Amino acid sequence: MGVETSSSGTQHFSDDGCVSSRKPNATVSFEKPERANELKNHKIYKKSKASWLQRNQILLASSLLNALFILKQIPSFQSLVNKFFHLQYKNLDGTYDIGKDDYFFVIYWIINLTIIRSVLMDWVLEPLAIKIVGINNRKALTRFKEQGWSLFYYTTSWTVGFYLYYKSDYFFNCDHIFIGWPNNKLDFYFKSYYLIQMSCWLQQIVVLNIEERRKDYVQMFSHHIITCLLIIGSYYYYFLQIGHVILVMMDIVDVFLSLAKMLKYCGYSTLCDVMFFIFLVSWIAIRHVCYNYVFWHTCTKSRDLMNADCSRYAIYGGPLDVTPVRCYTDSTIRYFIFLLGGLQIITLIWMYLILKVFIGVITGKGAEDVRSDDEESS
C-alpha cells in the first residue's frame, strides 16, 4: 500500500495515492537485475502447485458445490449435507445459538466466495479493465481485478454490518457491547453475517497462499491469522458484539482504499487524490482513534460489565432442556486483548509506512514502496 519508486527513478502512487512525478533515468541500469529476478520468480510460480490451484479454483470450487447438491439428493446423506446449506441450532423463539456444526455453513460459504470472487474477477472485471479502462499490463490488470473484488465485498459487508450495528442496542454505546453476556440469541441475519465474514477471512488466507507472493506477504499473512483467530474466538466465547463493531470499523476503511485504487486505474487522478485523502483520514480516525477507544474500553471495563458467574449456566451433562453455555476466564480475556493489541501493532506499522509515503510524495523527496510489487512490470 503506498507509493512505489521504480529503478528508473519513477515515483508514483501504485496502490493508495495518485500523485506522480518523473525524474531523469539516471539509475536505469539497476532495473535489469531486479527485472530478471522478478521474471524468474514468476516462471517458478507458474510451474508450482499453488499456480495450478489458482488457475483452477473455479473448477475445483464448482465441483465441490455440485458434489454437495448431488449428495443432498441421497436420503442417507441429507441430514449431514443440509448442515452446509442451513444455519444450525435454532431456538424455539426463532433465534439461533452457536455450536460446532456451524463450521459446515462456513465451509459452504468459503466455496461460494471462491466462485463469486473468481467469476467477478475473470468474467466481469478483466474484460472491463482491458476493453473499457485500457489496461494491458499483467500486474496492473491483476491489481485492478483484486481491488474491484475488494470494493464489491467490503461495500457489501460494511453496508450489512452497519445496518445491523445501527439496529443494535450497542450503537455508539460501548457498555452495551458487553452487558448481557452471553449473547446467545442471534437472529438469522446477524448469525449469517458473522459466519460469512468468518468464511471470507479464512478464504483470504487460502487466496494469499495460492496466488503469487508479494513483498507484504508476511504482514498480510500475520494480519489474516490474527483476524481469523479473533473472529473464531469471539464466536466461540459469545464475544460477537465486540467482533461485530471491529469488523464494521475495519471494513469501511477498506472501501475507501479500494475505491481510491480503482479511480487511479481508471485514470481519474483528481478524484483518486481526493479519495486517498479520505482514506488517510478515515484510517487514522477509525483504525487508531476509534479502535483504540474500543480496545481501552475492552481492557478496562469488559470484565465488570459482563460480570459472568459461570455457576448460573448449565454445563455439558446437565439438564437436557438447557443449552450449554461456555464461560470465559481471565486468561480468555487476556488472550483476546493480546490479539487485539497485535492487530493494532500491524495497523500502526502500516500507518507509519502510509505517512512516510505520503510525506515523501508531497515534499518531492521520493519514496520507496514497501507493501506492493511494481505494477509497471509486465
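Only the coordinates and a few stated rules stand behind these numbers; no lab work does. Just so it is clear, the structure is predicted and the values come from calculations on it, not from any experiment. As a convention, Cβ positions derive from the backbone with ideal geometry for all residues, glycine included, and neighbour counts pool all protein chains shown.
The radius of gyration of the Cα set in the range 64-139, together with its Dmax, comes out at 18.7, 57 angstrom. As a length-normalised measure over Cα pairs under 8 Å and 6 or more apart, the relative contact order of the range 56-157 settles at 24 percent. Whole percent per 10 Å bin, from 0 to the bin with the longest distance: what is P(r) over all C-alpha pairs of the range 224-292? Values per bin, smallest distances first: 21, 37, 27, 13, 2.
In percent, rounded to a whole number, the relative contact order of the range 222-308 is 23, using alpha-carbon pairs under 8 Å and six or more apart. Remark: the range 96-110, residue by residue, has Karplus-estimated 3J(HN,Hα) of 10, 9, 10, x, 5, 6, 5, 5, 4, 5, 5, 4, 4, 7, 4 Hz, where x stands for each Gly or Pro and the curve is 6.51 cos²θ - 1.76 cosθ + 1.60 at θ = phi - 60°.
Using only C-alpha atoms and all pairs of different ones, pull out the Kirkwood radius for the range 147-224 in Å with one decimal.
So the Kirkwood estimate lands at 14.9 Å.
Using the Cβ-Cβ distance between LEU229 and LEU348 with R0 set to 22 Å, the FRET efficiency from 1/(1 + (r/R0)^6) comes to roughly 0.70. Put simply, the amide H of TYR96, placed in the peptide plane, has neighbours under 5 Å in ASN91, LEU186, ASP187, leaving out anything fewer than 5 places away on its chain.
Using the structure shown, list the pairs from LYS191/LYS261; LYS145/LYS264; LYS100/LYS185; LYS145/LYS167; LYS46/LYS264 with a Cα-Cα distance above 23 Å, or answer none. Those over the limit are LYS191/LYS261; LYS145/LYS167; LYS46/LYS264. Close amide H partners of LEU87, meaning residues 5 or more places away or on another chain with modelled amide H under 5 Å apart, do not exist here.
Residue separation times 0.36 nm, minus the C-alpha to C-alpha distance between LEU39 and ASP330: what's the value?
99.6 nm
What whole number of Å gives the distance from the Cα centroid of the range 238-265 to the Cα centroid of the range 66-115? If we compute the Cα centre of each part, the gap is 27 Å. Legend: Rg and Dmax of the range 148-306, from Cα coordinates, 16.7, 53 Å. Set the Förster radius R0 to 22 Å, insert the Cβ-Cβ distance between ILE205 and SER79 as r into 1/(1 + (r/R0)^6), and round the FRET efficiency to 0.05. Plugging the Cβ-Cβ distance into 1/(1 + (r/R0)^6) gives 0.15. Summarising the amide proton neighbourhood of LYS215: residues at separation of 5 or more, or on other chains, whose placed amide H is nearer than 5 Å comprise ASP373.
Using only Cα atoms, what is the ratio of the radius of gyration of the range 38-98 to 2.2 N^0.38 Å?
Against the compact-globule rule of thumb, the ratio is 1.86.
3J(HN,Hα) couplings calculated from phi for the range 218-224 with the Karplus curve 6.51 cos²θ - 1.76 cosθ + 1.60 (θ = phi - 60°) are, in sequence order, 4, 4, 5, 5, 4, 4, 5 Hz; Gly and Pro show x. The modelled label-to-label distance between ASP93 and ASP304, using points 7 Å beyond Cα along the C-beta direction, is 2.8 nm.
Per-residue Karplus couplings for the range 173-188, computed as 6.51 cos²θ - 1.76 cosθ + 1.60 with θ equal to phi - 60°, are listed in order as 9, 5, 4, 6, 5, 10, 4, x, 4, x, 8, 9, 10, 9, 7, 4 Hz, Gly and Pro entered as x.
So how strong a dipole does the range 128-194 carry about its Cα centre when Lys and Arg Cβ are +1 and Asp and Glu Cβ are -1, to the nearest 20 debye?
560
The peptide list 326-332, 243-249, put in order of mean Cβ contacts within 10 Å with the highest first, becomes 243-249, 326-332. Once the C-beta distance of ARG214 and TYR166 is scaled by a Förster radius of 41 Å, the resulting FRET efficiency is 0.70 to the nearest 0.05.
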